[in-house]
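The numbers here are math on the coordinates, done by the rules we state, and not lab data. Values in this document were obtained by computation on a predicted structure and should not be read as measured data. Neighbour counts run over all protein chains shown; Cβ positions are idealised from the backbone, glycine included.
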Amino acid sequence: MRVKRVVARDIQEAMMKIKSELGDDAVILHTRYFKEGGFLGLFRKKYVEVTAAVDTISNEASKEHNLVSRGCLEKEQTNAENGVGSEFTEMKTMMQEMSSMIENFGQTQFSKTGQNLYNRLKKQGIEDKTAQKVVESTLEEYAKEPFQTADELNKKLFTNLLKPINKAKYVPAVEKFNRPKIRTFIGPTGVGKTTTIAKLAAIDAVIEKKKVAMITVDTYRIAAVEQLKTIGEIMNVPVKVIYTPENLKECLQKMLENDVIYIDTAGRSHKNTLQVNELKSYIDNANSDEIFLTLSSTIKYLDIKDILKTYKDLNISSLIFTKLDETSDYGSIYNVACDDRYSISYFTNGQNIPDDIEVAEPIKLVQMLMKEQ
Ligand SMILES: Nc1nc2c(ncn2[C@@H]2O[C@H](COP(=O)(O)OP(=O)(O)OP(=O)(O)O)[C@@H](O)[C@H]2O)c(=O)[nH]1
Ligand SMILES: [Mg+2]
């Protein structure tokens, strides 16, 4: 096969050139119009570039498809696609394979079982790559030793879902002998920071009989101070209100007799850098043992990623996911758990204090993911 590329002022001139170079049997492979030359973008000339080929093996076949004499671009392309020799057929097959590869790029082709598993994980909002890996390892195990029942398949899926998130298990900070453990809660507005503090403080104070105190630096809303004071009164736990970061440091030094101190902060939009910086100055003065970034499980994964980026310099110890009772898609939590940088400490699943909170065991997350809806 001989291939030739010519550039001309118009299609007729191009055809003439092709004909004289490759003869009557040439087949047009590609046509492109472009502009060139001129001055400051003006007076640019229009050209046509034609790529053609002649099949040196099957000239007989190519004669039937002589395109040059027709001078019609559309027909030329169709005939080129129909092919005039084995090389053209081969080329066409390759092109088809390539375009299907491009279409399926990033998505492995699974068997029917694999596809069902994959769809199930995607429906939960699990990221593409992760879902593929989990399904691949489940299918590999199936290939070695085919499972007999759906139950067995589910068990394998369970183990493979658990593997990447085992690292997300939270290890609480060790209790101090001579000074209180300080636990600070930050996060976007309305996610349930104050309610979560109330739950944990109640467990510590009422069930574990620890000496607990609460501090709020959320003085932007009167209701926020009132909210924590009311909770404190019910649980018989003292509540301090702090107005400046320096004030926080002094206050903490006077509270050394406590076992645990909970610090509540104002909800901050991750899009407001000023607010996040102000929060940072409180954190710098708190010398916290644990900083919990509280997130609602109803937040979209894309937004969660944004929030994590904004809070990345705040020395987060662990994440808390609230309002699990308000969603049935746990994929975003799973995606975060797959990220080595984060551990997850608690899940909350309702408004009841202190009942609706549990330690975020990775196994619980997989159980929720696997629950048929
Ligand atoms: N369904 C459900 N509601 C919850 C949960 N946790 C908190 N809430 C509710 O969410 C609302 C906001 O809770 P708060 O604790 O005030 O949230 P916050 O993050 O302190 O809010 P700001 O201080 O305004 O940023 C309240 O109505 C809570 O009862 C949960 O796990 N499930
Ligand atoms: Mg609050």
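In this simple spin-label model, placing a label point 7 Å from the Cα along the Cα-to-Cβ direction at both LYS229 and ILE207 gives a separation of 2.9 nm.
The calculated FRET efficiency for GLU21 paired with ASP128, based on their beta-carbon distance and R0 = 35 Å, is about 0.15.
For segment 112-167, the dipole from Cβ point charges (+1 on Lys and Arg, -1 on Asp and Glu) about the Cα centre works out to 200 debye, to the nearest 20. Taking 0.36 nm per residue of sequence separation and removing the Cα-Cα distance, the ASP306/VAL171 pair yields an extension gain of 46.1 nm. Protection proxy ranking of 250-259, 235-244, 322-331, by the mean of other Cβ atoms within 10 Å over each peptide's residues and highest first, is 322-331, 235-244, 250-259.
The label point for GLU361 and the one for LYS271, both projected 7 Å from the Cα toward the Cβ, are 4.0 nm apart.
Quick one: pull the percentage of alpha-carbon pairs in segment 169-370 with a separation above 25 Å. The answer is 32 percent, as a whole percent.
For the residue pairs LYS167/LYS271; LYS323/LYS364; LYS176/LYS210; LYS155/LYS371; LYS167/LYS309; LYS181/LYS209, the C-alpha atoms sit more than 18 angstrom apart in LYS167/LYS271; LYS167/LYS309. Rounded, prolate or oblate for segment 203-289? Axes are the square roots of the Cα gyration tensor eigenvalues, ordered a ≥ b ≥ c, and the cut-off for rounded is a/c under 1.5. It is prolate, given that a/c is not under 1.5 and a/b is the larger ratio. Estimated from the Cβ-Cβ distance and a Förster radius of 51 angstrom, the FRET efficiency linking GLN253 and LYS155 is about 0.45. For LYS280, give me every one of the aspartates and glutamates with a C-alpha distance below 19 angstrom, ignoring sequence neighbours fewer than eight places off in its own chain. Once the sequence-local aspartates and glutamates are set aside, what remains near LYS280 is ASP218, GLU246, GLU250, ASP264, ASP289, GLU290, ASP306, ASP313. Percent of Cα pairs in segment 112-167 per distance bin of 5 Å, from zero to the largest separation: 4, 21, 33, 27, 12, 4, 0.
The reciprocal of the average 1/r between distinct C-alpha atoms defines the Kirkwood hydrodynamic radius, which for segment 131-238 equals 18.1 Å.
Answer with one residue from THR265, TYR220, ASN236: the one whose Cα lies farthest towards the positive end of the charge dipole of segment 219-265, charges on Cβ with Lys, Arg +1 and Asp, Glu -1. Highest projection toward the positive end goes to TYR220. Pull up all non-local amide H partners of ILE357: gap of 5 or more, or a different chain, and H-to-H distance under 5 Å with H placed in the peptide plane. The list, which skips near neighbours in sequence, is ASN349. Working from Cα pairs under 8 Å separated by at least six residues, relative contact order for segment 169-370 is 27 percent.
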